[in-house]
2 protein chains.
Amino acid sequence: MAVKDKGTEQLIKDTAKRIFFSEGKLHATTQDIADAAGVNRTLLNYYFRSRDILFEQVATEARQEMSAVLDPVFQAELEFKDKLEKLITVFMDQATKFPFREMYVVTEHNRTSRVIPEEKKTMIKKFLKEISAEMEKGKIRKMDPKQFCINLFALMAYPLITTCLNKSLYSVNDAEYLKLMKDRKKLIFEMIYQ
Amino acid sequence: MAVKDKGTEQLIKDTAKRIFFSEGKLHATTQDIADAAGVNRTLLNYYFRSRDILFEQVATEARQEMSAVLDPVFQAELEFKDKLEKLITVFMDQATKFPFREMYVVTEHNRTSRVIPEEKKTMIKKFLKEISAEMEKGKIRKMDPKQFCINLFALMAYPLITTCLNKSLYSVNDAEYLKLMKDRKKLIFEMIYQ
DNA sequence: TTGTTGTTTGACAAAAATGTTAAACATAAT
DNA sequence: ATTATGTTTAACATTTTTGTCAAACAACAA
């Protein structure tokens, strides 16, 4: 029997997150999740009433977990350089564990066109200002600061979403690809800063 | 009634591609597709026998269309600089029309771990060699050429997948985002070359 | 006209996925 | 031992999605 330390409810959520965010099986059924968790499917209904509620809760927690990790970095009182390094480290560690979590949020956003809270937008605007300031200092190539942000997240997120495909395309094994991803932290920083 | 010039069979495939690759509705049912095409759902079975066959055919054609557009550029006898510019133009035009086509191929690849044909790998190896040569010439920052490739596709593909989310996050409208994407062609080139 | 072919439709059947219920079970408190 | 509480299970019901089929239809040839 699987580990049920934190209780069945938590086990079910953790399993759903693993299937969605780590394995990228976006079409998983409740039966798939129950099987992977080693529990009776009925328990998903017992704890979450319905599939939709479970999925919504998982999506909500995904957003919260991302915010909990990223927001403190965005808002930290750090030199921009240090903030950027921190951001890259933190984001890529997360994206290594849960490469499809952002993709899940994106497709959910497409489906529901959920509203982004104002404070989040404000936070981003402040970050964009910091980027602009850094451009003035000549530390970053001049461009629309939004482009800088878009570049940053593209460079971090995309290679982990396409891990499986890339390993095939470039004929590298798991260890080699992991090494590539590890090296990227420094590489991305050097690419966009100074 | 919708345009059925190219015949119902083609209309169904085109509609499926639009829903999957342009709108990013990866969970679409046969009924969704039939409705969007304005035809009776039974016709999907009449022309394609089953949902799986239709979806597989759509995936196969997606790969073929991407190859048909990209391979000639990869294999063209051009200065690396020109090849790179061409690649960016061609890829981003495609990705603008079908932002989720690559994502579809990726998730399909995850599901089926389909084998990449040897000639494709060979083509990529040759491209990686060209990248190495360009690094020797000092035209590209030195790094593992695979990283260069990964960077390139990340910068091109990701912003279009996350269009909807980004428009919300950065508070820009459709026209402004389109402009950003248009400007990216030049921006990406300048970022990774010279 | 009649027959032939391919296409389209609605009614129905089957399969897949989700939801509900009552009963079994475990555990601890009384 | 009994009751109470929360958890788990199997059997069943419902809903959703997919597949089949016979009949209707259209266009055209004999």
Query raised in the report: Under the rule of -39500 (n - 2.57) per DSSP H run of 4 or more residues, summed and divided by the residues of the protein assembly as shown, what mean residue ellipticity at 222 nm is obtained, to the nearest 500 deg cm²/dmol?
Result: -24000 deg cm²/dmol
Requested in this report: Estimate the FRET efficiency between residue B:81 and residue A:41 by the formula 1/(1 + (r/R0)^6), using the beta-carbon distance for r and 45 Å for R0, to the nearest 0.05.
Outcome: 0.20
Requested in this report: In nm to one decimal, list the spacings between the residue A:42 label point and its equivalents in the other copies, with label points set 7 Å along Cα to Cβ, shortest first.
Outcome: 4.0
Query raised in the report: Which distances, in nm and shortest first, link the residue B:9 label point to the same label point in every other copy, taking 7 Å along Cα→Cβ?
Result: 5.5
Requested in this report: Kyte-Doolittle cut-off -0.5, length cut-off 30 Å along the helix's own axis using Cα: show which whole DSSP H helices in chain B pass.
Outcome: B:51-75
Query raised in the report: Where the label is 7 Å out from Cα toward Cβ, how close does residue A:82 come to the same position in every other copy, in nm, shortest first?
Result: 5.0
Query - DSSP-loop trypsin sites (Lys or Arg not before Pro) across the stretch A:24-96, with at most 13 other Cβ within 10 angstrom - result: A:49
**Report entry** Positive dipole terminus of the protein assembly as shown, leading residue within A:46, A:27, B:116 (C-beta point charges)
**Finding:** B:116
Report summary line: Inter-chain shielding metric for B:18-27, i.e. average beta-carbon neighbours from other chains within 10 angstrom, reads 2
Query - Taking chain B and dividing mean pair separation by its residue count, relative contact order in percent (alpha carbons under 8 Å, at least six apart) - result: 20 percent
Report task. Choose one answer from B:106, B:73, B:115: the residue with the largest mean-square fluctuation in a GNM of chain B with alpha-carbon springs under 10 Å. Result -> B:115
Report summary line: Heavy-atom accessible area per residue of the protein assembly as shown, all protein chains kept, 1.4 Å probe, expressed in Å², is 50 Å²
Report summary line: Ignoring ligands, DNA and RNA, the residues of the stretch A:150-176 whose accessible area with a 1.4 Å probe is reduced by 50 Å² or more relative to the chain alone are A:150, A:151, A:154, A:158, A:164, A:165, A:168, A:169, A:170
Report summary line: Measuring from its Cα centre, chain B shows a charge dipole (+1 at each Lys and Arg Cβ, -1 at each Asp and Glu Cβ) which, in debye to the nearest 20, is 280 debye
Report task. Give a quick list of trypsin sites (Lys or Arg not before Pro) in the stretch A:99-194 that DSSP marks as loop, anything other than H, G, I, E or B, with at most 13 other Cβ atoms within 10 Å. Result -> A:137, A:142
Query raised in the report: Is the shape of the protein assembly as shown rounded, prolate or oblate, going by the alpha carbon gyration tensor and its root eigenvalues a ≥ b ≥ c, with a/c under 1.5 for rounded and a/b larger than b/c for prolate?
Result: oblate
Query raised in the report: Got a number for carbon plus sulfur as a percent of chain A's accessible area, 1.4 Å probe?
Result: 52 percent
Report summary line: The farthest towards the positive end of the charge dipole of the stretch B:27-168, of the residues B:163, B:149, B:95, given +1 on Cβ of Lys and Arg and -1 on Cβ of Asp and Glu, is B:149
Requested in this report: Note every residue of the stretch A:102-124 with a reduction of at least 40 square angstrom in accessible area, all protein chains present versus the isolated chain, computed with a 1.4 Å probe, or write none.
Outcome: A:103, A:106, A:109, A:110, A:116, A:121, A:124
Query raised in the report: Hey, with R₀ at 22 Å, roughly what FRET efficiency would residue A:51 and residue A:9 work out to, going by the Cβ-Cβ distance, to 0.05?
Result: 0.90
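The values are calculated or read from the model by the stated rules, or taken from the named source; none is laboratory data. Treat the numbers as computed from the prediction; the structure is a model and nothing was measured. Cβ: placed from backbone, ideal geometry, glycine included. Neighbour counts: every protein chain shown. Ligands, DNA and RNA are stripped out before the accessible areas are found, and what is left, the full protein with its side chains, is counted by its heavy atoms. Shrake-Rupley method; radii C 1.70, N 1.55, O 1.52, S 1.80 Å.
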